[in-house]
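Here the structure is laid out as structure tokens; the discussion comes afterwards.
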Amino acid sequence: MALRIQQRRQPSGGRSQETPQRQVPPRTVLWLCLGAGFITLLDQSVFVLAVPAMAAGLQADAGQVQWILASYSLAFGLALVPAGRLGDLVGRRTLFVAGLSVFGAFSLLGGLATDPTVVIGARLLQGLGAGALNPQVLGLLQDVHAGAGRAKALGYYAAAGGTAAVCGPLIGGVILSVGSQEGSWRLLFLVNVPLVLVLVPLALVFLPRRSRSPAVPGQRRPTIDAVGALLLGAVVLASLVPTIQGPGPETPIWLGSGAVALAVFAGWEVLYHRRGRTPLLVPALVRSPGYVLGTVVALCQFGVGAAMAAVTAFYFLAGTGLPPLGAAAILAPQAAGMLLASSFSWRFLGRYGRGGVVWALVAGLACLPGKDLAVQYLDSGAAAMAVAAVGLLQGLAVGLVVAPNQTLTLAQAPPGATGVAAGFYQLSQRFTAALCSAAAAGMFLTAGADPRRAFHQGVVLCSVLLGVAVLAGSADWLRTAAVAGRQATRRQPSKRRRAGP
């Protein structure tokens, strides 16, 4: 059956009107974004179980292993904010396709590499591609959805990301069980390539061509803050290097350099904004207490997820001699709990708001001592069962935090800065993922014959981070309650007391 295409008649000599952009169903954009986001977010956690195989196959030393684990998150974080700003200005589809292509190309290089330095370089460039992609995912979801639909879409994305972080070891364990001990880790790189070859053409066809944020009010012209990006990268790098190298005479130098770079970054951003240009960090974000406190919650919670997955995997691999698939199975209940809770987290958010997120954080914090007690006082078989059972409860708690906190936090972003807001939000997550995964690896690489002590140190680190998250979430809970109270007072009509009859 032939298709009938209606065209507007034009006056003689006139030009035909431009064909309007084809409307793509929001659900199609959602699933495409979820697929691309999942494989890039999965790539950090999927390598946790591959550490022994990579160290053996590449003959890598302890420092090189830590860099392989941390470099992806480091580059991911560095690319997020500039890519978010660039997507706001030039369009999200272009950055989406470019980032996904870079991610796929260097997945291929990493899978074929035979030298640890080349693998580190491939992981860095993989991270840059993933960091360019993910702010576009969040921006696209906010562009094509509104209201409750936006909350659900962001919930699905948060669930995909959180599930990738938790399921990574499980998927990695399955893949590692396929090949040889020295070469199976290459499959973790190469499995990305066919997925990218499918997703890139779909993105070119289905993603909206003109998807960008409106200009920030008062801005003279769109600009890219390259100096700010370099200074922010210096801050992140100066924080990460001492974590990988461990305490030493250079540590104060690195930390001092990071503090100086942070101060210069803050001053540069103020100066750049006063010139009427678009700073990397929009001042309105810093002035938004809801955004700042929510980002602190995300920073701490994501660091806990990366560190706890790493210390659990390392303990059962190195401490008990469990094979990769067995160690991965211990983490599976936590993934199942998170998936279950994430599926109704948007309803949870609508009913309980920020207060519900705080109580979910408290529940997650209460699970950590249970895991530590099981490892310290039970034999390896009983400890594995106990850690898996407590992990199920922790997964339920995490599923009620990730999506609601992301929705509440990004809702505080000012107009024209959704990409930047999403970029800084994810930067906080990737920054702590890099630090905590490197710290966890360092604990076990230096633990020697005492893996239980390294596990305990990991639990202490996670407990501190979750404690900070509870404090930040509680502060935002009190703030929103106070704001709601003031608004309710304004809405009430003034009551005047009348004297006499």
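Before moving on, here are some points about what is shown:
- Qualifying residue in the stretch 424-447 (condition: over 30 Å from Leu124 (Cα atoms) and open to solvent by 10 Å² or more (accessible area, probe 1.4 Å)): no
Okay, residues lined up against (1) surrounded by fewer than 24 Cβ atoms within 10 Å (Cβ to Cβ); (2) closer than 25 Å to Leu339 by Cβ:
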| residue | (1), (2) |
| --- | --- |
| Ala132 | no, no |
| Asp143 | yes, no |
| Ala146 | yes, no |
| Gly149 | yes, yes |
| Ala158 | no, yes |
| Ala164 | yes, yes |
| Gly168 | no, yes |
| Val174 | yes, yes |
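- Qualifying residue in the stretch 246-267 (condition: touching a residue at least 40 places away in the same chain (Cβ under 8 Å), in contact with a helix residue (DSSP H, G or I) (Cβ under 8 Å, 6 or more places away or on another chain) and more than 22 Å from Gly423 (Cβ to Cβ)): yes
- Which listed residue is open to solvent by 40 Å² or more (accessible area, probe 1.4 Å), closer than 18 Å to Ala53 by Cβ, in contact with a Ser or Thr (Cβ under 9 Å, 6 or more places away or on another chain) and in a helix (DSSP H, G or I), from Leu339, Leu325: Leu325
- Residue count for the stretch 87-103, restricted to those that are closer than 23 Å to Ala122 by Cβ and open to solvent by 10 Å² or more (accessible area, probe 1.4 Å): 5
- Meets criteria (open to solvent by less than 10 Å² (accessible area, probe 1.4 Å), in a helix (DSSP H, G or I) and without any contact (Cβ under 8 Å) to a residue 60 or more places away in the chain) for Gly356: yes
- Condition check for Thr251 on (1) at pLDDT below 85; (2) touching a Lys or Arg at 6+ places or on another chain (Cβ under 8 Å): one failure, at (2).
- Residue that is modelled with the lowest pLDDT, among those in the stretch 188-199 that are buried (at least 17 other Cβ atoms within 10 Å of the Cβ) and in a helix (DSSP H, G or I): Leu188
- Listing of helices (runs of 4 or more DSSP H) fully contained in the stretch 251-320 that carry 3 or more residues being among the aromatic types (Phe, Trp, Tyr): 251-274, 289-314
- Put simply, of Ala318, Ala306, Ala266 the only residue that is of a type outside the set (Val, Ile, Thr), within 24 Å of the chain's Cα centre (by Cα) and crowded, with 17+ Cβ neighbours inside 10 Å is Ala306.
The values are calculated or read from the model by the stated rules, or taken from the named source; none is laboratory data. Quick caveat: nothing in here was measured; it's all calculated off a predicted structure. Neighbour counts are summed over all protein chains in view; Cβ atoms, including those assigned to glycine, are modelled from backbone coordinates with ideal geometry. Accessible surface is based on the protein model in full, side chains and every heavy atom, while ligands, DNA and RNA are left aside. Shrake-Rupley method; radii C 1.70, N 1.55, O 1.52, S 1.80 Å.
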